[in-house]
Amino acid sequence: MAGRLYGRNLLTLLDFTSEEITYLIDLAAELKELKQQGVPHRRCEGKNVVLIFEKTSTRTRCSFEVGALDLGMGVTYLDPAASQLGKKESIADTARVLGRMYDGIEYRGFGQERVETLAQYAGVPVWNGLTDEFHPTQMLADMLTIREHFGSLDNVKLTFMGDARNNVANSLMVSCAKLGLDYCACAPEELMPEAALVERCREVASQTGSHIELCSDPEQGVADARVVYTDIWVSMGEPAELWEKRIALLEPYRVTSELLDKAAPDAIFLHCLPSFHDTQTDVGAEIYERFGISEMEVTDELFESERSLVFDQAENRMHTIKAVMCATLEA
Ligand code: CP
Ligand code: NVA
């Protein structure tokens, strides 16, 4: 498998086979071990990557930066306002310019078609660092975290609670189908994933032995789940006016310790982060002022509990993103 991913883009995991995804997770585990032992692994020495962020980020940006530096590469960060992209220069032109200077390009932004256009014109690997539709690098970290915790991805059901048609939920459905985990999208009817994506994932699932389920009842949704996952209720790029409606729709889907007790006995809690579990953020404080709720998609008590592996997940973003860059850049 080594070398097979050389030169590839990572736009969505739909484009990758189960074996290729597993290879990336295995490589991440190997690089994590090297890092923990303090063994240098400058496997892409002398190359350079550029990171384009049209939306904000902590984990993804830092993972690409640290990962690239560990691999011996130079890194340029273009913040949401710093480049000509979109305002004075098209994506196609930007791609052709950056492709002449860099060995790889990360893109975080809006529609999936933007990262696809970038990939079409760049001539070097393009990695999707989150679009409105998908968040593939997050998935590798999540699957590594689940595998580390349970020892394997076999016999795992993952239930996503909340806005089940957002980028993270879409990508979880794809990843579970590809890797053979059972997946339940637990959400109100209007926040269910698009039918076409569900159908595509079910086709994949029929080959890996996984089941894709849609369910609107929280207790039914978490039954037998070994992973209960949630994300914020209004994603980046969505209008702030949506908060009122989303809170009304999603309060019954808040993940609490009581709900997790109804899942499998060994169930863990995951969240891609950032999370609104208290009022320590500007948005959290504003929501408290306006609607009187101090925690949103997860209770603070569960977030801080031993069943929550969210910071292992966050760390694994770096090891897995490093694996993606290494696999696609190392000949
Ligand atoms: N989970 C995630 O993508 O975090 P950032 O938005 O901080 O990159
Ligand atoms: N759904 C969230 C994920 C953040 C990592 C968003 O797009 O804002």
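The values are calculated or read from the model by the stated rules, or taken from the named source; none is laboratory data. All values derive from a computational prediction rather than experimental measurement. In this analysis, Cβ positions are derived from the backbone assuming ideal geometry, glycine residues included, and neighbour counts consider all displayed protein chains. Only protein heavy atoms, including side chains, enter the accessible area calculation; ligands, DNA and RNA are left aside. Shrake-Rupley method; radii C 1.70, N 1.55, O 1.52, S 1.80 Å.
Observations, loosely collected:
- Among residues other than residue 300 with Cβ under 13 Å from its Cβ, the summed charge is -4 (Lys and Arg +1, Asp and Glu -1).
- Extending 7 Å from the Cα toward the beta-carbon at both residue 26 and residue 97 defines two label points whose distance is 4.1 nm.
- Note on surface exposure: 130, 34 rank 34, 130 by accessible area, highest first, 1.4 Å probe.
- Inter-site label distance for residue 258 and residue 238 at 7 Å from Cα along Cβ, in nm: 2.5 nm
- Segment 100-105 - phi-based ³J(HN,Hα) in whole Hz, Karplus 6.51/-1.76/1.60, Gly and Pro as x: 7, 10, 10, 8, x, 10
- Per residue, the chain exposes an accessible area of 41 Å² to a 1.4 Å probe, with every protein chain left in place.
- Sequence ranges 74-80, 268-274, 94-100, ranked by mean other-Cβ count within 10 angstrom, highest first: 268-274, 94-100, 74-80
- The residues packed around residue 314, meaning those with a beta-carbon under 12 Å from its beta-carbon, carry a net charge of -1 if Lys and Arg are +1 and Asp and Glu are -1.
- Fully extended contour minus Cα-Cα distance, from residue 194 to residue 154, at 0.36 nm per residue: 11.7 nm
- For residue 213 and residue 290, the difference between the fully extended length at 0.36 nm per residue and the C-alpha to C-alpha distance is 24.3 nm.
- Segment 1-139: relative contact order as a whole-number percent, Cα under 8 Å and 6+ apart: 27 percent
- Using the Cβ-Cβ distance between residue 305 and residue 58 with R0 set to 22 Å, the FRET efficiency from 1/(1 + (r/R0)^6) comes to roughly 0.50.
- Note on segment 171-319: antiparallel DSSP beta bridges, both residues inside, total approximately 0 percent of the bridges counted.
- Element breakdown for the chain at a 1.4 angstrom probe: carbon and sulfur atoms account for 47% of the accessible area.
- Rg(Cα)/(2.2 N^0.38 Å) for the chain, N = residue count: 0.97
- Contact order, relative form, for the chain: 21 percent (alpha carbon pairs under 8 Å, 6 or more residues apart, mean separation divided by residue count).
- Summed residue charge, Cβ within 9 Å of residue 155's Cβ, Lys/Arg positive, Asp/Glu negative: 0
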